[in-house]
Amino acid sequence: MSRTRKLWLGLAALLIASFGVLLWVGDQVHQYAPPLPQAVVTSGDETLFTGNDIELGKQVWQRIGGQQLGSIWGHGALLAPDWSADWLHREGVAMLELLARDEGAGSYAELDAPQQAALRSRVQRELRTNTWDPAKGTIYVSPLRAQAMLVVGAHYMSLFSNDPATAKLRETYAMRDNTIAELDQRRAVTAFFWWASWATAAERPGSAISYTQNWPHDTLAGNTPTSANFLWSVFSVLFLILGIGLLGWHHARQASHEPLPPIPARDPLTELKPTPSMKATAKYFWTVIGLFLVQILLGATTAHYQVEGQQAYGFALANYLPYALTRTWHTELAVLWIATAWLATGLYIAPLISGHEPKYQRLGVNFLWVCLLVIVVGSFAGQWMAVMDKMDLSKNFWFGHQGWEYVDLGRFWQIFLFIGLMLWLFLVGRALWPAMRGGKEGASIVGLLFLSTVAIGLLYGAGLMWGEHTHIAMVEYWRWWVVHLWVEGFFEVFATAVISYLFVRLGLLRVGTATTSVLFATIVFMAGGVLGTLHHLYFSGTTTAVIALGASFSALEVVPLALIGLEAWDTWKKQHAAPWMARYRWPIMFFVAVSFWNLVGAGLLGFLVNTPIALYFMQGLNLTAAHGHTALFGVYGMLGMGLMLFCLRGIKPQAEWREGWLKGSFWTLNLGLGLMAVLTLLPLGILQLKAVLEHGYWFARSAEFMDRPLIHMLVWMRVPGDTVFAIGAMLIAGFVASLWLWPKRQVAATPLPDAASESA
Amino acid sequence: MIEFYPQIKAVHILCVLLSGGLFALRGLMAQTRLAGVAQGAPLRLLSYTIDTVLLTAALMLVSILPGALFANGWLTVKLILLLAYVALAMLAMKRVHAPRARMIFYVAALATYAWMLGVARMHHPLGWLHGWLA
Ligand code: HEM
Ligand SMILES: [Fe+2]
């Protein structure tokens, strides 16, 4: 059996086994999710909330932006509290005060230490005792707790209205006035928040651990890390070291002294005339630039809301574009422009690989582009209407804001996007087909490239697995199928495969070497990546198996990243392989940046938050943001830029590049991203972490903490980095525009394909 | 941010001194055989870094207390001098080949720098001369 064949079989076996286990875990999540009661009752069978209230509350919460304003169980926006943690703590404090008054004291603070300790232990018992009655479908709460719930409920009712008493708090939380205008809906949201907080402290039947594995940290509720949490954290570090050791050994053994292929005397790609469909991808790249610039603008606005929660320099911005919306669009555009760059790359290189331009391919490319524009504009309009309360709740799930971070599009738009992705697969597949048929040389690597695109397309389908009324634990499960399996699974494969393929095409890499190394890399990525999904689900209403599997396998994800320097060095050297490679200097530099941020953003900062014990204290703090930005832009944003430049080289073969602009753009983008992390996100995250450890999770996200001068100062420190970054974005935008608007023509020694008559 | 005005100002002043000191050193080296080192990447990047921090801190100070912009014009004068200083410094470092001319630009740049220090200390356009002339 050939080595390639063996690797293919190994990959297939690995994928079947890993996805089998992942599906099994999904079944567990489903079975052991925190129960949704039909009613929450107190003594005398008085009903406080019904199951319908909780369900309605969840839908209202989704409509106002869901995870894009505050968070639940640690997942969501960094501004505004984690509602589950905030409610839990407020309810505990309210009970302490009520009990203190029963003791005849004016307030809890007036009691002496032993009395306080007695009350705290009483409150802890109230919160932890699980009074769920499966037979009746009810949760029972004591009259004391019912009273505390009323107190906290009243606070929330005020917060989501336009009550002047909570105006300052809304400002700090970046909430617009009357976030929920209707009284019934406001009340329903309190029911949902209460239920979410109940599950964070109530112990699972037959165990001393809460439904959310004792997350959030709050000693008043007796929420401290579990022993499994600690054990699996330690084991996961060991697995990481073991993995690095094994992979290092493998590299040393495999070290190939195979000579490089004979380097072509001229750029093999200049002989290729771009086909009509290839040229038609140009407008995708203009779109990439446009979306990228808008994304930066929205990011700056989102950051600004941390210092002025409702205004921008005196203008009442929150009345038109509140935080929940700017954050939604900022995160969504990140995914959308990166995806657009890759879709375009797929469409551009498919005919390049096979040398075959199928009939009507150009029409398909143009049609898909129109669809993408319609999806962006349509879904954003729906989200605006939803958050601004201009859409009926019954339409929200389909056309408004689903409230799930990174997959917030209304269901209609999700389906539309899914169809768009299928159309893309069809277009890429039909153009690639001749190159994959009949065991041609290189069929394997093209097959892998195509496989990763198929997986990217199909995995978006996981985003259709939940419905309007699905349990939040299950929605989270499927949501991370999309987000995690994309970025930490098939995107990595796509990146490795596409870069290797480009080098093969340029004649700098042997097809055999490229095939085995890409296949091997795929196996390594998938070994950790698939079950690594569970590192997002440690605390979202799941069982200990999720902690064990998630911690162990996600640690393996870092193994190839730790050794990525080997790959980066190979990539770096390529720019000097032949004199004509100077033409590809900047695409290559962006690919080197991909490796750098894979190490720093994904590897280091990803592992910083990755062990269960770390994430227990760090989830939803700015440390996550530091990881998210450096990994998502650092790795896939840079890849998008590099791929775009590569394609533009071929679309405009005669244009002479303004290298200075690209150089400036490259360094300012990288420097700006680094400054953003170093000057703001990391220090802010570390201060928050200290606050969690010393006071509890609720405090690190509270208004009291966020309104400190030091925090404002750190947020202001984003300005220099963001400015540098924005300059980089404008330089690359100017560069792309210049290719069309004021091109410099190269004096070509050999006749080049005529690019003058092209239309995009 | 006003709570941190003193700290930001301290950073600003520290960078002013570092920046001036570094320029004095590099300018001197540029007159000698060490010109290559003076223009080499490490010192050049160090100088970019210091100047960026310096300018950022300055902008932060102005945005906290914009009043200084409209005072007696000292800030405006400092900005104009800054432009002159940058131009002279560039000439001293590389633009000009004649060693004599380079030396003159170097001295002129240092003098401008000293004037800027005076303007900043005195909060007056005349700088150090303020005490004598007014
Ligand atoms: C290039 C690859 C990666 C990208 C693009 C990426 C991106 C992201 C993003 C956008 C988030 C969500 C942030 C939020 O919810 O606000 C996230 C969360 C997370 N990532 Fe990654 N990531 C990558 C690789 C990794 C790796 C290798 C690890 C560690 C093995 C890791 C561990 C985590 C964890 C534990 C979270 C959850 C943090 C939380 O819930 O607060 N990531 N990642
Ligand atoms: Fe992940």
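Just to verify a number: FRET efficiency for residue A:231 and residue A:272, C-beta to C-beta distance, R0 = 60 Å, to 0.05? The calculated FRET efficiency here is 0.60. For the range A:682-698, 3J(HN,Hα) computed residue by residue from phi via the Karplus equation (6.51, -1.76, 1.60; θ = phi - 60°) reads 5, x, 4, x, 6, 4, 5, 4, 4, 5, 4, 5, 8, 10, x, 4, 3 Hz, glycine and proline entered as x. Accessible surface of the range A:37-224, 1.4 Å probe: 53 percent of it comes from carbon and sulfur atoms.
Can you give the charge dipole size of the protein assembly as shown about its Cα centre, rounded to the nearest 20 debye, using +1 on the beta carbon of Lys and Arg and -1 on the beta carbon of Asp and Glu? Spell out each step's value before the answer.
Working: 60 positive and 50 negative charges, 812 e Å.
Charge dipole of the protein assembly as shown: 3900 debye, to the nearest 20.
Angle of helix A:718-741 to the longest C-alpha principal axis of chain A, folded into 0 to 90 degrees and rounded to 10: 30°. Sorting the segments A:59-66, A:446-453, B:55-62 by their mean number of nearby beta carbons within 10 angstrom, highest to lowest, gives A:59-66, A:446-453, B:55-62. Which one of B:69, B:21, A:674 has its Cα pushed farthest toward the positive end of the charge dipole of the protein assembly as shown, where Lys and Arg give +1 and Asp and Glu give -1 at the Cβ? Ranked along the dipole, the leading option is B:21. Estimated from the Cβ-Cβ distance and a Förster radius of 22 angstrom, the FRET efficiency linking residue B:69 and residue B:24 is about 0.15.
Remark: spin-label model distance residue A:381-residue A:184 equals 2.9 nm, labels positioned 7 Å along the Cα→Cβ axis. Converting the Cα gyration tensor eigenvalues of the range A:37-224 into ellipsoid dimensions via √(5λ) gives semi-axes, longest first, of 25, 21, 17 Å.
Can you compute the label reach from residue A:252? Point 7 Å from Cα along the Cβ direction, backbone N cut-off under 11 Å, restricted to the range A:518-562. Residues passing the 11 Å test: none.
Using the alpha-carbon positions of the range A:60-135, Rg (one decimal) and Dmax (whole number) come out as 16.4, 46 Å. Positive-end ranking of B:48, B:105, B:8 along the dipole of chain B, with charges on Cβ about the Cα centre, is headed by B:105. Residues of the range A:699-723 that bury at least 10 Å² of accessible area when the other protein chains are present, relative to the chain alone (probe 1.4 Å, heavy atoms, ligands and nucleic acids excluded): A:709, A:710, A:713, A:716, A:717, A:720. At 20 °C and 1.002 mPa s, what whole-number value in µm²/s does Stokes-Einstein give for the translational diffusion of the range A:287-431, with Rh from the Kirkwood sum over Cα pairs? Stokes-Einstein gives a translational diffusion coefficient of 129 µm²/s.
Between the helical axis of A:361-387 and the longest alpha-carbon principal axis of chain A there is an angle of about 20 degrees. The distance from the alpha carbon centre of the range A:260-278 to that of the range B:69-134 is 55 Å, rounded to a whole number. Full extension of the chain between residue A:569 and residue A:102 gives 161.1 nm of extra length, using 0.36 nm per residue less the Cα-Cα distance. The calculated FRET efficiency for residue B:79 paired with residue A:316, based on their beta-carbon distance and R0 = 35 Å, is about 0.55. Relative to one another, the C-alpha centroids of the range A:284-309 and the range A:695-722 are positioned 21 Å apart. For the pair residue B:35 and residue A:367, how long in nm is the line joining their label points, each one 7 Å along Cα→Cβ? Taking the two extended label points, one gets 6.7 nm. What the Kirkwood sum gives for chain B is a hydrodynamic radius of 15.8 Å, with every pair of different alpha carbons counted. Taking only the alpha carbons of the range A:290-337, we obtain Rg and Dmax values of 10.5, 31 Å in that order. Report summary: the helix-based calculation at 222 nm, which adds -39500 (n - 2.57) for every DSSP H run with n ≥ 4 and divides by the residues of the protein assembly as shown, gives -21500 deg cm²/dmol.
Here the ratio of the Cα radius of gyration of the range A:563-744 to 2.2 N^0.38 Å is 1.23. Charge tally for residue A:56 (other residues, Cβ to Cβ under 14 Å; Lys, Arg +1; Asp, Glu -1): -2. Coupling constants for the range A:590-598 follow from the phi torsions by the Karplus curve (6.51 cos²θ - 1.76 cosθ + 1.60, θ = phi - 60°), and in residue order they are 5, 5, 5, 4, 4, 5, 4, 6, 4 Hz; glycine and proline get x. List the pairs from A:279/A:663; A:279/A:574; A:574/A:744; A:58/A:390; A:283/A:652 whose alpha-carbon separation is above 21 Å, in the order I gave them. Too far apart for the 21 Å limit: A:279/A:663; A:279/A:574; A:574/A:744. Once the Kirkwood radius over Cα pairs is known for the protein assembly as shown, the Stokes-Einstein relation at 25 °C and 0.890 mPa s delivers a diffusion coefficient of 81 µm²/s. In this structure residue A:574 has an accessible area near 30 Å², from a 1.4 Å probe over the protein heavy atoms. Between helix A:323-354 and chain A, what is the angle of the helix's C-alpha long axis to the longest principal axis, kept within 0 to 90° and rounded to the nearest 10? Orientation of helix A:323-354: about 30 degrees from the principal axis. Within the full protein context, the accessible area of residue A:523 is estimated at about 40 Å² for a probe radius of 1.4 Å. Ordering A:642, A:738, A:711 by the projection of their Cα atoms onto the charge dipole of the range A:563-744, which places +1 on the Cβ of Lys and Arg and -1 on the Cβ of Asp and Glu, puts A:738 at the extreme positive end.
In this simple spin-label approximation, residue A:580 and residue A:443 carry label points 7 Å from Cα along the Cα→Cβ vector, and these lie 2.9 nm apart. May I ask for the distance between the Cα centers of the range A:27-82 and the range A:577-600, given as a whole number of Å? Rounded to whole Å, the Cα centres lie 47 Å apart. Amide H to amide H distances under 5 Å link residue A:508 with no residue, where only residues 5 or more positions off or on other chains count and H is placed in the peptide plane. Put simply, chains B and A cover up around 500 Å² of each other's accessible surface, both sides summed, when a 1.4 Å probe is used. With 0.36 nm allotted per residue and the present C-alpha distance subtracted, the residue A:394-residue A:17 stretch has 131.7 nm of extension available. The tail of the calculated P(r) for the range B:70-134 beyond 15 Å holds 52 percent of all Cα-Cα pairs.
The values are calculated or read from the model by the stated rules, or taken from the named source; none is laboratory data. Owing to the predicted nature of the structure, the values given are computational and were not obtained by experimental measurement. In this analysis, Cβ positions are derived from the backbone assuming ideal geometry, glycine residues included, and neighbour counts consider all displayed protein chains. Each accessible area value is taken on the protein alone, full model and side chains, heavy atoms only, with ligands, DNA and RNA left out. Shrake-Rupley method; radii C 1.70, N 1.55, O 1.52, S 1.80 Å.
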